[in-house]
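Colleague: Please read through the structure below; I'll follow up with questions.
Where a number appears in this text, it was derived from the coordinates with a stated rule and is not lab data. Note that the coordinates shown come from a computational prediction; the quantities given were computed from them, not determined experimentally. We place every Cβ from the backbone using ideal geometry, glycine too, and count neighbours over all the protein chains shown.
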Amino acid sequence: MSTCEEKIIQTLQKRNLKISIAESCTGGLLCERLTTPSGASHVFEFGFIVYSTQSKEKVLKISPVFLKTHGLVSQATAKAMAQGAQKISQSDISVSVTGVAGPTRHPTDPPIGTICFALLSKNKEHIKTLFLKGSRSHIRKLAATKILKALYLFIKQIN
């Protein structure tokens, strides 16, 4: 039986689609899991780990004013991250994730376990907030798993 990651790679290959990922709170887990299956090199374009505010600004070209207005953990920021990744990579699909994995948080951050992610194609988007519980490691791994499942459903719906 194929893993979710294998199904994603196979579906992207069949449809001749390229993907890029911008990660914050998952710190590369999505990139690691998506580049594990054979054939990933045919569809995986770019992986960005934009953990700091500065990296979101410099790499993905998200304005400091935007980040201050919307916060580092929001659906708007997740969408802006995916748009930045897509613009740089020229990929067909982009994925982004930002959130608070804990065990501590800044007073202005949403609660620990709040994860926002965005899936974008040229004519479709899926943006969602997850509320997860558990340790930092568990939240990060669970976020990656849930996002990959959502990504598989998303790419199956692209024409």
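Colleague: Calculate for the chain the 222 nm mean residue ellipticity that helices alone would give, adding -39,500 (n - 2.57) per DSSP H run of length 4 or more and normalising by residue count, nearest 500 deg cm²/dmol.
Modeller: -12500 deg cm²/dmol
Colleague: If contacts are Cα pairs under 8 angstrom and at least 6 residues apart, what is the relative contact order of segment 4-156 in percent?
Modeller: Relative CO of segment 4-156 lands at 25 percent.
Colleague: Okay, moving on. For segment 4-156, give the share of DSSP beta bridges that are antiparallel, in percent and rounded to the nearest 5; count only bridges with both residues there.
Modeller: Antiparallel bridges make up about 55 percent of those DSSP assigns within segment 4-156.
Colleague: What do you get for trypsin sites (Lys or Arg not before Pro) in segment 85-159 restricted to DSSP loop and a cutoff of at most 16 other Cβ within 10 Å of the site's Cβ?
Modeller: 105, 122, 124, 133
Colleague: Among 24, 41, 121, what is the fewest-to-most ranking by other Cβ atoms within 10 Å?
Modeller: Ascending number of Cβ neighbours within 10 Å: 41, 121, 24.
Colleague: In a shell of Cβ-Cβ distance under 15 Å around residue 128, excluding residue 128 itself, what net charge do Lys and Arg (+1) and Asp and Glu (-1) give?
Modeller: Cβ neighbours under 15 Å give a net charge of +3.
Colleague: Next question, about the same structure. Have a look at 51, 90, 9 and report the one farthest towards the positive end of the charge dipole of segment 1-127, computed about the Cα centre with Cβ charges (Lys/Arg +1, Asp/Glu -1).
Modeller: With unit charges placed on the Cβ atoms, the residue in question is 90.
Colleague: Hey, got the dipole for segment 4-156? About the Cα centre, +1 on K and R Cβ, -1 on D and E Cβ, debye to the nearest 20?
Modeller: 260
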